[in-house]
1. Take the stretch 141-162 and flag every residue that is under 13 Å from the mean Cα position of the chain (by Cα) and either under 14 Å from residue 92 (Cα atoms) or not in a loop (DSSP other than H, G, I, E, B) (or both).
2. For the stretch 190-205, which residues satisfy the criterion of being part of a loop (DSSP other than H, G, I, E, B) and surrounded by fewer than 13 Cβ atoms within 10 Å (Cβ to Cβ)?
3. When you go through (1) over 23 Å from residue 48 (Cβ atoms); (2) surrounded by fewer than 19 Cβ atoms within 10 Å (Cβ to Cβ); (3) touching a helix residue (DSSP H, G or I) at 6+ places or on another chain (Cβ under 7 Å); (4) modelled with pLDDT under 95 one by one for residue 220, which number turns out not to apply?
4. Within the stretch 21-28, is even one residue at pLDDT 95 or above and more than 29 Å from residue 172 (Cβ to Cβ)?
5. Answer yes if at least one residue in the stretch 129-140 is at negative phi, surrounded by 13 or more Cβ atoms within 10 Å (Cβ to Cβ), at pLDDT 95 or above and assigned to a helix (DSSP H, G or I), and no otherwise.
6. Can you tell me which residues in the stretch 66-100 are in a loop (DSSP other than H, G, I, E, B), in contact with a strand residue (DSSP E or B) (Cβ under 8 Å, 6 or more places away or on another chain) and either modelled with pLDDT of 85 or more or under 17 Å from residue 162 (Cα atoms) (or both)?
7. Using the structure shown, decide if residue 170 is in a helix (DSSP H, G or I) and in contact with a strand residue (DSSP E or B) (Cβ under 7 Å, 6 or more places away or on another chain).
8. With respect to residue 185, determine if the residue is free of Cβ contacts under 8 Å to residues at least 12 places away in the same chain and closer than 24 Å to residue 49 by Cβ.
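The values are calculated or read from the model by the stated rules, or taken from the named source; none is laboratory data. Note that this is a predicted model, so its numbers are computed, not measured. For neighbour counting, all protein chains shown are included, and Cβ atoms are generated from backbone atoms with ideal geometry for every residue, glycine included.
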């Protein structure tokens, strides 16, 4: 007779923190999408990024649309945390303000930044294709040296507004390396075009939001 915890994760042992050493995932390669009008899409994606990096996997995040706003400081808490985490890196392809908002930003500038951001996404996917993703990667290496997990934050928002061609995003999914875990976030409108190619789609739905009562973004929760 088998032990009662034999088939459970960790075999019933209490999890403990360990030293982070370069490692490689056994089952990466899926496409995940987080969309909806609720808070927490980026937070969930970054949480997965930290979890993966904690296992010694190489993670990179490319953010679209988030270039700053008058309501937040010029340093986000997640950037400081990512910088302190081995194996996790980020870059920002956003522009000040938000597309379609009366915040002093120009929509043409958002379009230009989104174009450049998506070209960078293609470069990162190609970089991942050039390495063996079943092997450990240098935790301090540049993203050009490959990654096991790529987070494209707010790319769905950009695609829904056609700042990024939705068909090109689908093509990126279809042509990514088999072992690259690809995580997409953003947008309030249902991205029907992604459903065939995505393995996991999560709809983050708003029930109540403090912003509706005039609450500004708070340091430590929204940025």
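1. Within the stretch 141-162, 149, 150, 151, 152, 153, 154, 155, 156, 157 meet the criteria.
2. 195, 196, 199, 205
3. Checking residue 220 against (1) over 23 Å from residue 48 (Cβ atoms); (2) surrounded by fewer than 19 Cβ atoms within 10 Å (Cβ to Cβ); (3) touching a helix residue (DSSP H, G or I) at 6+ places or on another chain (Cβ under 7 Å); (4) modelled with pLDDT under 95, the one that fails is (1).
4. Checking the stretch 21-28: at least one residue is at pLDDT 95 or above and more than 29 Å from residue 172 (Cβ to Cβ).
5. Checked the stretch 129-140: at least one residue is at negative phi, surrounded by 13 or more Cβ atoms within 10 Å (Cβ to Cβ), at pLDDT 95 or above and assigned to a helix (DSSP H, G or I).
6. 66, 87, 94
7. So residue 170 fails the test.
8. no
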